[in-house]
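Worksheet: the structure to be examined is printed underneath.
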Amino acid sequence: MSEDTGRKGGPNTVFIAVVVVLVAILAVQAFLLLRPKPPARPAEARAAVAAGASQRIETVGDDVAPIRIDFYAPLTLEWHQRTIGLLRDYNDEHPGRIFVRLMPMGNAECDAEINAKGITCAVIFINGENEFTLPDGRTVELYQRPNQATSQMP
């Protein structure tokens, strides 16, 4: 009569478990090494960083213009550089209509001013307001609320 010891977790089982774990680790490392790298920061954003845009307040337009825009954000990001380009183009095409104050996050003066208004993330104020009702009745708020699934900046 043969006797079955019923051993569980014997040497073969432990060896297989170790091999599976090692293969999983190698697969994760291969993925990390081979995944696509994020694209390089666009040339206009690199130029803005080199020019110190992330640290100083800049203005566009006529300081007595009827439309005043305060743009507080990390201004070196690609999409913010595009927005700044559009504002500059608009000012070139319609001189005297807008005055834009570019307020970089991380600038102590800008951070203090925005925080005093109770804002904690990127915001655009137009004539002191950041919430508007469009002609079709939709409400638009130009404020990026951090860490919310509904956050958006039009």
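For the range 113-128, the candidate set comprises residues that are in a loop (DSSP other than H, G, I, E, B) and among the polar types (S, T, N, Q); within that set, the residue that is nearest to the chain's Cα centre (by Cα) is 120. Where helices (runs of 4 or more DSSP H) fall entirely within the range 4-112, those with at least 1 residues that are modelled with pLDDT of 90 or more are at 78-93. Of the residues making up the range 129-148, those that are in a loop (DSSP other than H, G, I, E, B), surrounded by fewer than 17 Cβ atoms within 10 Å (Cβ to Cβ), aliphatic (A, V, I, L, M) and within 20 Å of the chain's Cα centre (by Cα) number 0.
The values are calculated or read from the model by the stated rules, or taken from the named source; none is laboratory data. The model shown is predicted, which means the values in this text are computed figures rather than measured ones. Cβ atoms come from the backbone with ideal geometry, glycine included; neighbour counts cover every protein chain shown.
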